[in-house]
Amino acid sequence: TPKMHYTPSRARFIVSSSKCSTKPLSRIVSNMFKCFCKQIRSFHEKSKFYKNYNRFWVINSTKPFIDKLNVINTRRKAKEISTFDFSTLYTKLPHGDLIRVLNSIIDFVFKGGTRNYLGFSEFSTFWSKKPSGKKYFTKSKLKALVKHLITNTFFEVGNLLLRQSIGIPMGIDPAPFWA
């Protein structure tokens, strides 16, 4: 897809997985990481309450950010505000680092509970104490699946078949949660 806001315009390579053999698994992993995001947000909201610090900086819309800027502007305390373009942040992450960080997130969400299975249906994810039929993942199976989705991303350009060897495979379902 073109990045028209640059002069001259640049290309952005997005892997589309609509007809990919891993699409069903990609959708499930996306739902699981969406569940993890809610769980981690809840953990940090409790930490903020007890320890008065916020270490969770993920927002789902621009409203909280704009609200914070309005508070800063009202107080007239801001000395400087910087913005950064993350255009290359997600495309330059080495796969080993990405997998290591996602594995630590998986370890974190599985830690501390008595529910060791992550069940799923087509549209939902849920924690379970026991495996529910064939539709569940253990921590180790989920890690293996995440590694597979990251390291086995292929795309076609003309008559060339290429494998993505660095960066988050943008365009597959869990990519926004991984980012």
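Filtering the stretch 52-101 to residues that are at pLDDT 85 or above and closer than 30 Å to GLN164 by Cα leaves LEU93, PRO94, HIS95, GLY96, ASP97, LEU98, ILE99, ARG100, VAL101.
Could you pull out the residue among GLY133, GLY119 that is loosely packed, with under 12 Cβ neighbours inside 10 Å and of a type in the set (Gly, Ala, Ser)? That would be GLY133, the only listed residue that is loosely packed, with under 12 Cβ neighbours inside 10 Å and of a type in the set (Gly, Ala, Ser).
Confirm whether GLY96 is touching a strand residue (DSSP E or B) at 6+ places or on another chain (Cβ under 7 Å) and either within 27 Å of HIS44 (Cα to Cα) or aliphatic (A, V, I, L, M) (or both). No, not satisfied.
Inside the stretch 156-179, residues that are open to solvent by 60 Å² or more (accessible area, probe 1.4 Å) and of a type in the set (Phe, Trp, Tyr) make up a count of 1.
The set of residues in the stretch 136-155 that are exposed (fewer than 15 other Cβ atoms within 10 Å of the Cβ) and among the aliphatic types (A, V, I, L, M) contains only ALA144.
The values are calculated or read from the model by the stated rules, or taken from the named source; none is laboratory data. Since the model is a prediction, treat every value here as computed from it, not as a measurement. Cβ: placed from backbone, ideal geometry, glycine included. Neighbour counts: every protein chain shown. Just the protein is used for accessible areas: all its heavy atoms, side chains included, with ligands, DNA and RNA removed. Shrake-Rupley method; radii C 1.70, N 1.55, O 1.52, S 1.80 Å.
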